[in-house]
Amino acid sequence: MANILSDLNIDPTLIVVNIVGFGALYAIAKKLVFDPIGTLLTSRETEIASTYDRLDADQREMQRLKSDYESRLESIESEAREKIASAIKEAQATRDKIVSDATVQAREIVSKAEADAEREREQAMITLRQQIVDLALGATTKVVGESLDADRHGKLIDEYIAKGVAEA
(Lines give C-alpha, C1' and ligand atoms only; values in the text may rest on other atoms or scores of the structure.)
Protein backbone atom coordinates (compact mmCIF):
# COMPACT_ATOMS: atom_id res chain seq x y z
CA MET A 1 0.00 0.00 0.00
CA ALA A 2 2.89 2.27 0.62
CA ASN A 3 3.82 1.70 -2.98
CA ILE A 4 0.51 2.71 -4.32
CA LEU A 5 0.55 5.86 -2.18
CA SER A 6 4.02 6.78 -3.30
CA ASP A 7 3.07 6.09 -6.94
CA LEU A 8 0.21 8.49 -6.54
CA ASN A 9 2.41 11.04 -4.76
CA ILE A 10 0.37 10.87 -1.60
CA ASP A 11 2.25 11.31 1.65
CA PRO A 12 0.45 9.61 4.58
CA THR A 13 2.05 11.93 7.10
CA LEU A 14 0.78 14.87 5.25
CA ILE A 15 -2.72 13.38 5.28
CA VAL A 16 -2.53 12.87 9.04
CA VAL A 17 -1.21 16.42 9.54
CA ASN A 18 -4.00 17.78 7.33
CA ILE A 19 -6.64 15.79 9.24
CA VAL A 20 -5.25 16.97 12.60
CA GLY A 21 -5.03 20.56 11.26
CA PHE A 22 -8.54 20.39 9.89
CA GLY A 23 -9.85 19.01 13.20
CA ALA A 24 -8.08 21.78 15.13
CA LEU A 25 -9.36 24.40 12.70
CA TYR A 26 -12.85 22.97 13.02
CA ALA A 27 -12.68 23.02 16.83
CA ILE A 28 -11.42 26.61 16.85
CA ALA A 29 -14.01 27.69 14.24
CA LYS A 30 -16.74 25.93 16.18
CA LYS A 31 -15.75 27.63 19.41
CA LEU A 32 -15.18 31.09 17.92
CA VAL A 33 -17.61 31.20 14.97
CA PHE A 34 -20.21 28.43 14.84
CA ASP A 35 -21.27 28.47 18.52
CA PRO A 36 -21.71 32.30 18.70
CA ILE A 37 -23.58 32.29 15.39
CA GLY A 38 -25.76 29.38 16.60
CA THR A 39 -26.44 31.23 19.87
CA LEU A 40 -27.22 34.40 17.93
CA LEU A 41 -29.56 32.53 15.57
CA THR A 42 -31.29 30.81 18.50
CA SER A 43 -31.78 34.11 20.35
CA ARG A 44 -33.02 35.78 17.17
CA GLU A 45 -35.42 32.89 16.55
CA THR A 46 -36.69 33.20 20.15
CA GLU A 47 -37.08 36.95 19.72
CA ILE A 48 -39.03 36.50 16.47
CA ALA A 49 -41.28 33.88 18.10
CA SER A 50 -41.83 36.24 21.05
CA THR A 51 -42.71 39.07 18.67
CA TYR A 52 -45.22 36.83 16.86
CA ASP A 53 -46.70 35.80 20.23
CA ARG A 54 -47.03 39.46 21.23
CA LEU A 55 -48.63 40.28 17.86
CA ASP A 56 -51.11 37.43 18.32
CA ALA A 57 -51.89 38.59 21.87
CA ASP A 58 -52.28 42.20 20.66
CA GLN A 59 -54.54 41.05 17.84
CA ARG A 60 -56.68 39.01 20.29
CA GLU A 61 -56.85 42.03 22.64
CA MET A 62 -57.76 44.29 19.73
CA GLN A 63 -60.50 41.84 18.68
CA ARG A 64 -61.79 41.72 22.28
CA LEU A 65 -61.81 45.53 22.47
CA LYS A 66 -63.58 45.72 19.12
CA SER A 67 -66.24 43.27 20.32
CA ASP A 68 -66.59 45.21 23.57
CA TYR A 69 -66.89 48.48 21.65
CA GLU A 70 -69.50 47.01 19.30
CA SER A 71 -71.55 45.63 22.20
CA ARG A 72 -71.36 48.99 23.99
CA LEU A 73 -72.38 50.79 20.82
CA GLU A 74 -75.28 48.39 20.34
CA SER A 75 -76.29 48.91 23.97
CA ILE A 76 -76.17 52.70 23.54
CA GLU A 77 -78.23 52.49 20.34
CA SER A 78 -80.75 50.23 22.06
CA GLU A 79 -80.97 52.61 25.01
CA ALA A 80 -81.41 55.56 22.64
CA ARG A 81 -84.22 53.73 20.81
CA GLU A 82 -85.89 52.98 24.16
CA LYS A 83 -85.61 56.63 25.25
CA ILE A 84 -87.05 57.82 21.94
CA ALA A 85 -89.92 55.33 22.22
CA SER A 86 -90.52 56.42 25.81
CA ALA A 87 -90.50 60.08 24.82
CA ILE A 88 -92.95 59.36 21.99
CA LYS A 89 -95.26 57.47 24.34
CA GLU A 90 -95.02 60.28 26.89
CA ALA A 91 -95.76 62.88 24.21
CA GLN A 92 -98.75 60.87 22.99
CA ALA A 93 -100.04 60.51 26.56
CA THR A 94 -99.60 64.25 27.10
CA ARG A 95 -101.35 64.97 23.80
CA ASP A 96 -104.22 62.63 24.74
CA LYS A 97 -104.53 64.30 28.14
CA ILE A 98 -104.55 67.77 26.56
CA VAL A 99 -107.18 66.69 24.03
CA SER A 100 -109.23 65.07 26.79
CA ASP A 101 -108.97 68.16 29.00
CA ALA A 102 -109.87 70.39 26.05
CA THR A 103 -112.88 68.19 25.27
CA VAL A 104 -114.03 68.33 28.89
CA GLN A 105 -113.57 72.11 28.96
CA ALA A 106 -115.43 72.46 25.66
CA ARG A 107 -118.32 70.38 27.00
CA GLU A 108 -118.38 72.48 30.17
CA ILE A 109 -118.38 75.69 28.12
CA VAL A 110 -121.15 74.40 25.87
CA SER A 111 -123.15 73.18 28.90
CA LYS A 112 -122.68 76.52 30.65
CA ALA A 113 -123.62 78.39 27.48
CA GLU A 114 -126.75 76.27 27.10
CA ALA A 115 -127.65 76.87 30.76
CA ASP A 116 -127.01 80.61 30.31
CA ALA A 117 -129.13 80.63 27.15
CA GLU A 118 -131.94 78.77 28.95
CA ARG A 119 -131.74 81.23 31.88
CA GLU A 120 -131.79 84.19 29.49
CA ARG A 121 -134.75 82.66 27.61
CA GLU A 122 -136.61 82.18 30.87
CA GLN A 123 -135.74 85.76 31.92
CA ALA A 124 -136.92 87.01 28.53
CA MET A 125 -140.14 85.03 28.95
CA ILE A 126 -140.67 86.57 32.40
CA THR A 127 -139.95 90.04 31.04
CA LEU A 128 -142.21 89.40 28.06
CA ARG A 129 -144.96 88.12 30.34
CA GLN A 130 -144.61 91.21 32.54
CA GLN A 131 -144.81 93.47 29.48
CA ILE A 132 -147.89 91.58 28.24
CA VAL A 133 -149.46 91.95 31.69
CA ASP A 134 -148.75 95.66 31.68
CA LEU A 135 -150.14 96.04 28.13
CA ALA A 136 -153.19 93.97 28.93
CA LEU A 137 -153.76 95.97 32.12
CA GLY A 138 -153.53 99.19 30.20
CA ALA A 139 -155.83 97.91 27.49
CA THR A 140 -158.33 96.56 30.01
CA THR A 141 -158.41 99.82 31.88
CA LYS A 142 -159.17 101.70 28.70
CA VAL A 143 -161.78 99.22 27.55
CA VAL A 144 -163.57 98.79 30.83
CA GLY A 145 -163.10 102.37 31.72
CA GLU A 146 -162.61 101.64 35.30
CA SER A 147 -159.67 100.59 37.29
CA LEU A 148 -159.39 97.14 38.69
CA ASP A 149 -157.11 96.53 41.53
CA ALA A 150 -153.66 95.19 40.61
CA ASP A 151 -154.21 91.76 42.16
CA ARG A 152 -157.42 91.20 40.23
CA HIS A 153 -155.79 92.37 36.99
CA GLY A 154 -152.81 90.09 37.59
CA LYS A 155 -155.05 87.07 38.13
CA LEU A 156 -157.10 87.78 35.03
CA ILE A 157 -154.03 88.23 32.86
CA ASP A 158 -152.30 85.13 34.27
CA GLU A 159 -155.43 83.10 33.51
CA TYR A 160 -155.61 84.50 30.01
CA ILE A 161 -151.92 83.83 29.34
CA ALA A 162 -152.12 80.34 30.81
CA LYS A 163 -155.15 79.60 28.65
CA GLY A 164 -153.44 81.08 25.59
CA VAL A 165 -150.22 79.17 26.22
CA ALA A 166 -152.18 75.94 26.80
CA GLU A 167 -154.02 76.37 23.51
CA ALA A 168 -150.85 77.12 21.59
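The values are calculated or read from the model by the stated rules, or taken from the named source; none is laboratory data. Just so it is clear, the model here is predicted, and its values are computed rather than measured. Please note: Cβ atoms are built from the backbone with ideal geometry, for glycine as well, and neighbour counts cover all protein chains shown. Quick note on the areas: whole protein, heavy atoms, side chains included, nothing else; ligands and nucleic acids left out. Shrake-Rupley method; radii C 1.70, N 1.55, O 1.52, S 1.80 Å.
Among 49, 128, 21, flag the residue with its Cα farthest along the positive direction of the charge dipole of the chain, charges on Cβ as +1 for Lys/Arg and -1 for Asp/Glu.
The one lying farthest along the dipole's positive direction is 21.
Leaving out ligands, DNA and RNA but keeping every protein chain, what accessible area does residue 51 have, in Å² rounded to the nearest 10, with a 1.4 Å probe?
50 Å²
Give me the Debye-computed log₁₀ of I(q)/I(0) at q = 0.12, 0.16, 0.19, 0.25 Å⁻¹ for the range 68-135, equal point scatterers on Cα only, no solvent, two decimals.
So the normalised log intensities are -0.62, -0.75, -0.84, -0.98.
Which value at 222 nm does the chain reach when only helices count, each DSSP H run of 4 or more adding -39,500 (n - 2.57), with the total divided by all residues and rounded to the nearest 500 deg cm²/dmol?
-33500 deg cm²/dmol
Please calculate how many Å² of accessible area the chain carries per residue, with a 1.4 Å probe and no DNA, RNA or ligand atoms counted.
On a per-residue basis, the chain sits at 88 Å².
Can you give the local net charge around residue 50? Use residues other than it whose beta-carbon is closer than 14 angstrom to its beta-carbon, Lys and Arg +1, Asp and Glu -1.
-3
Compute the whole-percent fraction of alpha carbon pairs in the range 1-83 spaced more than 14 Å apart.
So the pairs more than 14 Å apart make up 80 percent of the total in the range 1-83.
Given the chain reduced to its alpha-carbon atoms as identical point scatterers, what log10 I(q)/I(0) does the Debye formula return at q = 0.08 Å⁻¹?
Taking Cα atoms of the chain as identical point scatterers yields -0.75.
Among 59, 85, 38, flag the residue with its Cα farthest along the positive direction of the charge dipole of the range 32-93, charges on Cβ as +1 for Lys/Arg and -1 for Asp/Glu.
85
By a straight-distance test (C-alpha under 24 Å), which lysines pair with residue 89 as possible cross-link partners, with residues fewer than eight away in the same chain excluded?
Residue 89 reaches 97.
Please identify, among 20, 99, 133, the residue showing maximal mean-square fluctuation in a Gaussian network model of the chain using a 10 angstrom Cα cutoff.
It is 20.
Can you tell me the dipole magnitude for the chain around its Cα centre, using point charges on the Cβ only (Lys, Arg +1; Asp, Glu -1), in Debye to the nearest 20?
180 debye
By a straight-distance test (C-alpha under 29 Å), which lysines pair with residue 66 as possible cross-link partners, with residues fewer than eight away in the same chain excluded?
Leaving aside lysines fewer than 8 places away in the same chain, those within reach of residue 66 are 83.
Fully extended, how many nm does the chain gain between residue 121 and residue 67 (0.36 nm per residue separation, minus their Cα-Cα distance)?
Between residue 121 and residue 67, full extension yields an extra 11.5 nm.
Would you look at the GNM of the chain, springs on alpha carbons closer than 10 Å, and say which of 155, 89, 66 moves the most?
Ranking 155, 89, 66 by mean-square fluctuation puts 155 first.
Take residue 43 and residue 14, extend 7 Å from each Cα along the Cα→Cβ direction, and tell me the distance between the two endpoints in nm.
For residue 43 paired with residue 14, the spin-label model returns 4.4 nm.
Taking the chain as a Gaussian network, Cα atoms linked when under 10 Å apart, which of 14, 41, 128 shows the biggest mean-square fluctuation?
14
Kirkwood hydrodynamic radius for the range 58-100: how many Å is it when counted over pairs of different Cα atoms?
This gives a value of 12.7 Å.
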